[in-house]
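The values are calculated or read from the model by the stated rules, or taken from the named source; none is laboratory data. Note that the structure is predicted; figures quoted are calculated from it, not measured. Neighbour counts run over all protein chains shown; Cβ positions are idealised from the backbone, glycine included.
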Amino acid sequence: MEKTVFVEMNNICKTFGVIRANRNINFRVNQGEIHALLGENGAGKSTLVNMLSGIYTPDAGSIEIYGKPVKIHSPRQAFELGIGMIHQHFKLIDVLTAAENILLSEKGSLFLSEKEALKKIQKVMENYGLLIDLSKKISDMSVSEKQTVEIIKVLYRGAKILILDEPTAVLTPQEIEKLFVILRNLAKGGCAVIIITHKLNEVMTISDRVTVLRQGETIATLDTQSTNYRELTELMVGKPVDLTIERLPSKKGNLMLEVKNLTVLGEHQVKVLDNVTFDLYGGEILGVAGVAGSGQKELCESIAGLYPVESGSIVFEDENIVGLNPREIIRKGISMSFIPEDRLGMGLIPSMDMVDNMLLKDYVNQPGIAIDRKPARQKAERVRKRLNIQTPGLSTPIRKLSGGNIQKVLLGREIDSNPRLLITAYPARGLDIGVSYNIYDLLQEQKQKGVGILYIGEDLDVLIELCDRIMVLCDGRITGIVESKSITKEGLGLLMAGESLTALEKEEHLCRL
């Protein structure tokens, strides 16, 4: 039986200046299927779906929706064609309820009575097995609930083609499973679902078919059941990649960092870190897990002297560093590699080239008035080769590099500074698989040198495979610190949701060593 084609994109091309983001891409999605769009950072995935959702228009090629040729010039036109996009950053108004946010999304909904509107929303929810408290305010919702509201919102507007951009990035494993149930219900209900992700395990779990992009071109479209991790990785990268992380044995050294009763206040004097206590030894990797906004950013910045501490102590090699400024902390051998969403807003200066950005860390240590750029140039070249940074040259301004390459510059600079304590947050976020595993190897090299590493990550599989111990944060509090080899991924998810270690032992997600 021939399947109904909902989306067909033929020979799609898109260029931004001299950069060819999409080149003759062919992409087809059927009714009732979940189709994964897979590719490295910069492969052209976002550009392709942005043309489907009306944010960009293609330079060449054709688009057919439900078998009819269309020209999509705006997001409004896309909505009218039944195309709904759920972005990674939700577009919801916190002070309004779920129902109010949903109603705001539809033109003419103000003329519906509240009773009729709620009936219509309830019918959408029943059709697709969606559960949400419509009277609950967005500000009181979990990330998973907010995502469900976004899905209901586009369905309420009549969407039959749904695009989800990295939908699991900030969810716990339990929330991811709930989302997958929703996506399967959408497909069963006759929708076409497109999911953009870089997580191979999710592709294999949820999708019916997968299209792999590489360097702006379509490499292959495969039935998920007939492929495997290794084949998909090779198609993405263009060469075989070893996907194993062999955790090197920990040679536990001296106590490097001791944090006691650390409390940090955020906006409106709310505790973003509440009585946090842990230690970190040289020669070990201590992982930090938690859903987004659990205090990871504030923890990194507090240790690095970038965020004021309300109370508690941060002892580095027998000295309390609370109150010291970032320059004084760096001089003590603490190197911070915090990779924020805005890579150019913190750590690097976009108008400067690689050499000058390398100089930022150590120019104050040079004798005399004149600055010798030769060591910084040698360091930049060393980092470029080590991390395979794609740049026209060392004198190219950082802002002209891709996001992934900017991230490599920042991380490479920190590792090359020979730190005693390395704080790294999401070092592989947005990077392709090959480079990600290269970074994991670099971190293990630092561990073997006796460096203490605080690793904040979002991929629970990597946390378990790479780290020696894992500390879990939930709403600014530690719910547990466990040996990586004694915890399951599901167990980490429960701790991230606020469950106790005792409950995990009962449910056999944790075994005492």
Can you confirm whether the stretch 425-432 contains a residue that is in a loop (DSSP other than H, G, I, E, B), buried (at least 18 other Cβ atoms within 10 Å of the Cβ), under 22 Å from the mean Cα position of the chain (by Cα) and free of Cβ contacts under 8 Å to residues at least 40 places away in the same chain?
yes
Per-region count, the stretch 124-145, residues outside any helix (DSSP H, G or I) and farther than 16 Å from residue 157 by Cα:
10
Within the stretch 439-458, can one find any residue that is aromatic (Phe, Trp, Tyr) and farther than 17 Å from residue 279 by Cβ?
yes
Working carefully through the options 264, 276, find the one that is touching an Asp or Glu at 6+ places or on another chain (Cβ under 6 Å) and part of a strand (DSSP E or B).
264
Is it the case that the stretch 286-295 has a residue that's in contact (Cβ under 8 Å) with a residue 40 or more places away in the chain and touching a Phe, Trp or Tyr at 6+ places or on another chain (Cβ under 6 Å)?
yes
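Yes/no matrix, rows are residues, columns are (1) modelled with pLDDT under 85; (2) within 20 Å of residue 255 (Cβ to Cβ); (3) not in a strand (DSSP E or B):
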{"residue": "297", "(1), (2), (3)": "no, no, yes"}
{"residue": "301", "(1), (2), (3)": "no, no, yes"}
{"residue": "336", "(1), (2), (3)": "yes, yes, no"}
{"residue": "356", "(1), (2), (3)": "no, no, yes"}
{"residue": "361", "(1), (2), (3)": "yes, no, yes"}
{"residue": "364", "(1), (2), (3)": "yes, no, yes"}
What pairs come up if the first residue lies in the stretch 197-225 and is among the small types (Gly, Ala, Ser), the second is in a helix (DSSP H, G or I), and their beta carbons are under 6 Å apart, counting only those six or more places apart or on different chains?
207/224; 220/235
Being at pLDDT 85 or above and small (Gly, Ala, Ser), is that true of even one residue in the stretch 390-402?
yes
